[in-house]
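Trainee: Structure incoming, see below.
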């Protein structure tokens, strides 16, 4: 399984695998309200697999980036196959 944002409108960076099927993604420097928009691609084989994505504010944005994410809560994912 691989997580990438190397495509048009992709906005994750510093993507790293923490465990099988578990990835950390830093969002790409956006200010509120866009800091809650994440667009990544998950590639894997054809068998169903569980995936966990942890999203964090852009560390390059400092306090402004962190504050922009405060108050946002988990929401449904849009999935395209």
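Since every read-out is calculated from the coordinates, none of them should be taken as a lab result. Predicted model, so just to flag it, every value in this text is computed and none were measured. Reconstructed Cβ throughout: ideal geometry from the backbone, glycine too, with neighbour counts over all protein chains shown.
Trainee: Given points 7 Å out from each Cα along the Cα-Cβ axis, report the residue 37 to residue 66 separation in nanometres with one decimal.
Mentor: 2.5
Trainee: With the Cα gyration tensor of region 2-69 in hand, give its eigenvalues times 5 under a square root as the equivalent ellipsoid semi-axes, listed largest first in whole angstrom.
Mentor: 24, 12, 9
Trainee: Percent relative contact order of region 2-69, based on C-alpha pairs within less than 8 angstrom and at least six residues apart?
Mentor: For region 2-69, the relative contact order is 36 percent.
Trainee: Oh, and also: Residue 2 versus residue 17, label points 7 Å from Cα toward the beta carbon: distance in nm?
Mentor: Label at residue 2, label at residue 17, 1.1 nm between them.
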